[in-house]
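The structure under discussion appears below in the form of structure tokens.
The values are calculated or read from the model by the stated rules, or taken from the named source; none is laboratory data. Remember, predicted model here, so these are calculated numbers, not experimental data. Methodologically, a virtual Cβ is constructed for each residue, glycine included, from the backbone with ideal geometry; neighbour enumeration extends over all protein chains shown.
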């Protein structure tokens, strides 16, 4: 129970802190809908029975007031319709708003230093957390909390109505409603726990295998493994279908249990009102009212059966998401360095989980504003980690980091299946077409863009399919130019480009940088030639810092890979 509360607390807190007024309004409207429904059925039964009895004689027929009950029936019918509409509107609006806020919080949580590195190990997990797990949480409010409160209100109302006839039937009916209404969903939730876990796992495996099959179909065909991957996808689908069948059987059995409980309650009420009517305590119209109120009283509880079956899935989703919600939502802003300094590291150490040695060990480095720095060294020396530290994507375990706002351009160009315009606007959503064309021109891609039939509206394929490697890299540079940050961090920016394209890109980059500070990690001589200082790294430490014109500068350049 303690673990359950701990899992649900962050999610429940988000629901309460987001749209509390709408959530409370939804619950109240749900209660109003349920009460109007039971009152409408009870009053209709009383009215029909009383009218029939009154019509047995002319005297009673003339004296019977049909206007007040009929007006009450019309009012309850209209009120039930309005409250049901308002309930659906408010509950769904509040739930969707909370889920949207939850997605934003998760995005911010995954933007923390080190979080992205964990997600890279299982890239499909981000998609599952933002879709499957968050969608599962809507059941917590819509199919559990709201129906429970509405059903309890109906049980109380039914007990009061029958209790006004005779206290014992009222207490018995209310007790039976609560016992059966709570017991059956609880039993269903316990029975559905294992199939819900299997379904959550099966759905994640199915989506993961489907993504792998679609994204890697060319490789699977070339390796002769396409049929095996299809069989694996079919097996995952069968596993998921078995879990769905198990959950559906539990829901059907729960529905049957509610039907039996409703029949027992109706039979008991029938006996009770019959005895009361025979003794003259109540009349036939009141007896009809009691029977119809009892008939309607079990309906709100029956709505809990789906929520009970899905409760296991909801708890699994809450357990997965809660740790990220419990972490700080906002990363602390970068500490500003002194005037004239772009970044300063003081005795900084970075160690990745499970690593035998630190990726960076006691690094101390000061980078001046407008300076050009090249990080050189063997693979694994810590160059990319140092760039990630300067970009705020890696958190230090020790030491102090002060830096200006930075943009990191990695070796991998991330382009999406969208238009050229929207791929560029990832860097600056407010940029107009004139600014986009200006950035493309500075990157040397304007002529290629204008030659396309749809210009900026040209759609790229997945991963930028439709552009050559050089064009994709230039598009990444154009996106870099749109970022108004004073510090540019480049990780082997021309790797994979031919010499002529690479030199043109570097020349354009240097000409567009202005007074920005540039730090480039490289193995290639052409990328380090414009540097004012070379920072030589070895096994996570700074082995040497050599300024242009000092002895050893040219010798250090000569150790780099030629163009």
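What residue, among those in region 258-312 that are over 30 Å from residue 193 (Cα atoms), in a helix (DSSP H, G or I) and free of Cβ contacts under 8 Å to residues at least 12 places away in the same chain, is farthest from the chain's Cα centre (by Cα)?
The qualifying residue farthest from the chain's Cα centre (by Cα) is 278.
Working carefully through the options 94, 111, find the one that is surrounded by 13 or more Cβ atoms within 10 Å (Cβ to Cβ), under 30 Å from residue 320 (Cα atoms) and modelled with pLDDT under 80.
After applying the criteria, what remains is 111.
Considering only region 169-198, how many residues are in contact (Cβ under 8 Å) with a residue 24 or more places away in the chain and farther than 26 Å from residue 310 by Cβ?
3
Considering only region 371-476, give the strands (runs of 3 or more DSSP E) lying wholly within it that have at least 2 residues that are modelled with pLDDT of 80 or more and over 30 Å from residue 215 (Cα atoms).
372-376, 398-403
Output the residues belonging to region 238-261 that are over 16 Å from residue 190 (Cα atoms) and surrounded by 18 or more Cβ atoms within 10 Å (Cβ to Cβ).
240, 258, 261
Looking at residue 507 and the list (1) in contact with a strand residue (DSSP E or B) (Cβ under 9 Å, 6 or more places away or on another chain); (2) part of a helix (DSSP H, G or I), which single condition is not satisfied?
Here residue 507 meets the rest and fails (1).
From the residues in region 349-362 that are in contact with a helix residue (DSSP H, G or I) (Cβ under 7 Å, 6 or more places away or on another chain) and not in a loop (DSSP other than H, G, I, E, B), which one is surrounded by the fewest Cβ atoms within 10 Å (Cβ to Cβ)?
Filtering region 349-362 for residues that are in contact with a helix residue (DSSP H, G or I) (Cβ under 7 Å, 6 or more places away or on another chain) and not in a loop (DSSP other than H, G, I, E, B), the one surrounded by the fewest Cβ atoms within 10 Å (Cβ to Cβ) comes out as 350.
Hey, among 221, 250, which residue is in the same structural domain as residue 295 (by TED's automatic domain parsing), assigned to a helix (DSSP H, G or I) and modelled with pLDDT under 90?
Within the list 221, 250, the selection yields 221.
Just to check your reading of the model, which residue among 142, 132, 203 is surrounded by fewer than 18 Cβ atoms within 10 Å (Cβ to Cβ), assigned to a helix (DSSP H, G or I) and at pLDDT below 90?
132
Exactly one condition in (1) in contact with a helix residue (DSSP H, G or I) (Cβ under 6 Å, 6 or more places away or on another chain); (2) assigned to a helix (DSSP H, G or I); (3) touching a residue at least 60 places away in the same chain (Cβ under 8 Å) is false for residue 343; which is it?
Of (1) in contact with a helix residue (DSSP H, G or I) (Cβ under 6 Å, 6 or more places away or on another chain); (2) assigned to a helix (DSSP H, G or I); (3) touching a residue at least 60 places away in the same chain (Cβ under 8 Å), only one is false for residue 343: (2).
Residue 529 passes all but one of (1) out of contact with any strand residue (DSSP E or B) (no Cβ under 6 Å at 6 or more places or on another chain); (2) touching a residue at least 60 places away in the same chain (Cβ under 8 Å); which number fails?
It is condition (2) that residue 529 fails.
Within the group 485, 501, 494, which residue is surrounded by 21 or more Cβ atoms within 10 Å (Cβ to Cβ), at negative phi and either part of a loop (DSSP other than H, G, I, E, B) or in contact with a helix residue (DSSP H, G or I) (Cβ under 8 Å, 6 or more places away or on another chain) (or both)?
Only one candidate passes the filter, namely 494.
Only residues that are within 25 Å of residue 421 (Cβ to Cβ) and without any contact (Cβ under 8 Å) to a residue 24 or more places away in the chain: list them for region 466-510, please.
466, 468
For region 394-426, which residues satisfy the criterion of being surrounded by 19 or more Cβ atoms within 10 Å (Cβ to Cβ), touching a strand residue (DSSP E or B) at 6+ places or on another chain (Cβ under 8 Å) and under 22 Å from residue 511 (Cβ atoms)?
Those that are surrounded by 19 or more Cβ atoms within 10 Å (Cβ to Cβ), touching a strand residue (DSSP E or B) at 6+ places or on another chain (Cβ under 8 Å) and under 22 Å from residue 511 (Cβ atoms): 406, 407, 408, 409.
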